[in-house]
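Visitor: Sharing a structure here in structure tokens format.
Each reported figure results from applying straightforward, stated rules to the coordinates on display, with no laboratory input. Bear in mind the structure is a predicted one, so any value in this text is a computation, not a measurement. Every residue, glycine as well, gets a Cβ built from its backbone with ideal geometry; the counts of neighbours run over all protein chains shown.
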Amino acid sequence: MYVDKTYRLLGATAPLSYMIPTRNSRSFPLLWWDEEKGINRPLRYSRNQNSPFEDEQDGNVIVEPVIFEDGLLTVPRTNQVLQKFLHYHPLNGRSFEEINLEKDATDQMQSLNTEVDALIEARSLSLEELENVCRVVFGRSTDTMTSAEMKRDVLMLAKNDPVSFLNVLKDPELRYNSSIQQFFDQGYLTTRRNEKEVWFSTPNNKKKMLTVPFGVGATTAAASFLKSDDGIEALKMLESLVEE
């Protein structure tokens with residue numbers, strides 16, 4: 001069944017006018033791999049031909065531009081060669097795609113369902129879980145935040161970035177990472193030299209814990225050390241101080 005088809009450019013913004021390559025060249029190889037023949041077949045768009053493949057075209061070729069206007073290109077059912085050319089084009093799926101209303105509706109429904117799931121999870125979190133998420137995701141102390149403020153911020157996170165929020169909840173290290181952030185929030189761990197070093201700051205320990213590796217955050221470095229054999233005793237000590 002022949003139908004009109006509409007294509008759209010991919011990306012956050014689309015130029016007013018965008019032209020795609022319409023013939024094979026050294027600067028832009030326009031090739032399609034034919035599994036049956038085992039060869040790369042050059043593509044070329046010519047409206048007066050019946051095929052988008054050069055090896056199936058005659059010598060009377062008139063190459064025409066293919067231009068997206070405002071990010072869209074509508075191809076009528078009467079121009080089957082252009083529809084086939086766009087189907088085989090190497091930029092299909094990379095720079096542009098055919099608009100599929102059923103697929104769009106399915107994707108939007110899935111996105112909405114994910115948002116609803118995230119909001120339900122966020123609303124059902126206990127106060128302790130809210131604190132864990134706020135410490136880990138926002139990297140802030142919860143000592144000065146009210147429960148309403150934490151609920152608001154977590155709900156907004158669930159609404160604006162539901163996938164990331166649900167991934168945070170699934171992270172088995174959430175509680176542990178929250179504890180590490182709490183050590184910093186309560187001043188039992190501090191950083192020096194522009195966060196290049198982590199130091200203990202407890203009543204009985206003012207020693208340097210570690211030098212932060214390049215490209216790693218201080219909290220991440222501390223979490224890794226305290227989980228190691230060398231840091232397990234320090235972790236127990238810090239946890240006991242937080243529990244007091």
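Visitor: For the stretch 49-54, in order, what is each residue's ³J(HN,Hα) by Karplus, 6.51 cos²θ - 1.76 cosθ + 1.60 with θ = phi - 60°, in whole Hz (x at glycine and Pro)?
Guide: 10, 9, 9, x, 9, 4
Visitor: Considering only Gln83, Pro15, Pro42, whose Cα is most displaced toward the positive end of the charge dipole of the stretch 5-99, charges sitting on Cβ of Lys, Arg (+1) and Asp, Glu (-1)?
Guide: Toward the positive end, the furthest listed residue is Pro15.
Visitor: Would you mind classifying the stretch 1-55 by shape? Square roots of the alpha carbon gyration tensor eigenvalues, ordered a ≥ b ≥ c; an a/c under 1.5 is rounded, otherwise it is prolate if a/b is larger than b/c and oblate if not.
Guide: Working: a/c = 1.87, a/b = 1.41, b/c = 1.33.
It is prolate, given that a/c is not under 1.5 and a/b is the larger ratio.
Visitor: Quick one: angle between helix 147-160 and the longest Cα principal axis of the chain, in degrees between 0 and 90, rounded to 10, please.
Guide: 20
Visitor: Can you give the local net charge around Gly71? Use residues other than it whose beta-carbon is closer than 13 angstrom to its beta-carbon, Lys and Arg +1, Asp and Glu -1.
Guide: Surrounding charge for Gly71 is -2.
Visitor: Further question: Report, to the nearest 10°, how far helix 218-227 tilts away from the longest principal axis of the Cα atoms in the chain, using its own Cα long axis and a range of 0 to 90°.
Guide: Result, in degrees: 70.
Visitor: Can you list residues whose amide H is under 5 Å from Val212's amide H, if they're 5+ apart or on another chain and H is modeled 1.01 Å from N?
Guide: Glu197, Val198
Visitor: Relative contact order for the stretch 101-171: what percent, with Cα pairs under 8 Å and sequence separation of 6 or more?
Guide: 41
Visitor: Let me ask something else about it. Amide H to amide H under 5 Å from Arg41: which residues, 5+ apart in sequence or cross-chain, H placed 1.01 Å off N in plane?
Guide: Trp32, Trp33, Asp34
Visitor: Here are several values of log10 I(q)/I(0) by the Debye sum over Cα atoms at q = 0.11, 0.14 Å⁻¹: [x] -0.66, -0.98; [y] -0.51, -0.85; [z] -0.76, -0.91. Which one was derived from the coordinates shown?
Guide: [z]
Visitor: Which net charge results for the neighbourhood of Ile99, defined as the other residues with beta-carbon distances under 13 angstrom from its beta-carbon, given Lys and Arg at +1 and Asp and Glu at -1? Provide the component values of the computation, followed by the final result.
Guide: Working: positive: Lys5, Arg8, Lys103; negative: Asp4, Glu97, Glu98, Glu102, Asp104, Asp107.
My count for the surroundings of Ile99 gives -3.
Visitor: Can you give me the long-range amide H partners of Ile99? Hydrogens built in the peptide plane at 1.01 Å from N, cutoff under 5 Å, separation of 5 or more residues or another chain.
Guide: Thr6, Tyr7, Arg8
Visitor: Tally Lys and Arg at +1 and Asp and Glu at -1 over the other residues with C-beta under 12 Å from the C-beta of Leu235: what net charge comes out?
Guide: So the environment of Leu235 carries a net charge of -2.
Visitor: List the relative contact order of the stretch 173-244 as a percent without decimals, with contacts defined as Cα pairs under 8 Å and 6+ residues apart.
Guide: RCO, the stretch 173-244: 23 percent.
Visitor: Same structure, new question: If one takes the longest principal axis of the Cα atoms in the chain, at what angle in degrees, from 0 to 90 and to the nearest 10, does the Cα axis of helix 232-243 lie?
Guide: 70
Visitor: Expressed as a whole number of Å, what is the distance separating the alpha-carbon centroids of the stretch 1-68 and the stretch 180-244?
Guide: 59
Visitor: I've got another one for you. Among the trypsin sites (Lys or Arg not before Pro) within the stretch 74-146, which fall in a DSSP loop and have no more than 11 other Cβ atoms within 10 Å of their own Cβ?
Guide: Listed in order of number, the matching sites are Arg77, Arg94.
Visitor: How high is the relative contact order of the stretch 5-99, in percent, with contacts defined as C-alpha pairs under 8 Å that are six or more residues apart?
Guide: Relative contact order, the stretch 5-99: 42 percent.
Visitor: What ³J(HN,Hα) values, in whole Hz, does the Karplus curve 6.51 cos²θ - 1.76 cosθ + 1.60 give for the stretch 11-16 when θ = phi - 60°, with x put for Gly and Pro?
Guide: In residue order, the calculated couplings are x, 5, 10, 10, x, 4 Hz.
Visitor: Follow-up question, since we're still on this one. Would you list Asp161, Asp153 from fewest to most Cβ contacts within 10 Å?
Guide: Fewest-to-most Cβ neighbours within 10 Å comes out as Asp161, Asp153.
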